[in-house]
Amino acid sequence: MEPENNNTGPADKYMNEKECAAAIGVCTKTLRRFRNLGMPHIKIGYGCYRYRWEDVNPWMVEHYGVGYKA
């Protein structure tokens, strides 16, 4: 029997575009602009992207001087 992983939380979760935009307080259009400027993301299909909080938050701090709590 494998041990259960209870370390799943906002920092471990892959967010879709709407979830990520809501987490950082911007609209999805702004999130797309951030993605085009180099925000870390994973493309999983045509027009389908996922974001990890542990990648997005440091990027926001580096580029905009703003950090968020997960």
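Whether a residue is touching a helix residue (DSSP H, G or I) at 6+ places or on another chain (Cβ under 7 Å), modelled with pLDDT under 95, open to solvent by 40 Å² or more (accessible area, probe 1.4 Å) and not small (Gly, Ala, Ser) was assessed, and Val66 passes this test.
Out of all the residues in the range 27-38, which are open to solvent by less than 90 Å² (accessible area, probe 1.4 Å) and in a helix (DSSP H, G or I)? Scanning the range 27-38 gives Thr28, Thr30, Leu31, Phe34, Arg35.
Being modelled with pLDDT under 90 and open to solvent by 70 Å² or more (accessible area, probe 1.4 Å) is the filter here, so list the residues in the range 1-18 that pass it.
Of all residues in the range 1-18, those modelled with pLDDT under 90 come to 1-13.
Matches in the range 1-18: Met1, Glu2, Pro3, Glu4, Asn5, Asn6, Asn7, Thr8, Pro10, Asp12, Lys13.
For (1) more than 11 Å from the chain's Cα centre (by Cα); (2) surrounded by fewer than 16 Cβ atoms within 10 Å (Cβ to Cβ); (3) part of a helix (DSSP H, G or I), each residue gets a yes or a no:
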{"position": "Cys20", "(1), (2), (3)": "no, no, yes"}
{"position": "Pro40", "(1), (2), (3)": "no, yes, no"}
{"position": "Ile44", "(1), (2), (3)": "yes, yes, no"}
{"position": "Glu54", "(1), (2), (3)": "no, yes, yes"}
{"position": "Asn57", "(1), (2), (3)": "no, no, yes"}
{"position": "Glu62", "(1), (2), (3)": "yes, yes, yes"}
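The C-beta contact set for the range 31-43 (first residue within 12 Å of Tyr64 (Cβ to Cβ), second residue open to solvent by less than 80 Å² (accessible area, probe 1.4 Å), distance under 7 angstrom, 6+ apart or interchain) comprises Met39/Val56; Met39/Trp59. Within the range 38-50, being aliphatic (A, V, I, L, M) and at pLDDT below 95 holds for one residue alone: Ile44.
The values are calculated or read from the model by the stated rules, or taken from the named source; none is laboratory data. Keep in mind the model is a prediction, meaning the values are calculated, not measured. Cβ sites come from the backbone with ideal geometry, for glycine too, and all protein chains shown count toward neighbours. SASA here: full protein model, heavy atoms, side chains in, ligands and nucleic acids out. Shrake-Rupley method; radii C 1.70, N 1.55, O 1.52, S 1.80 Å.
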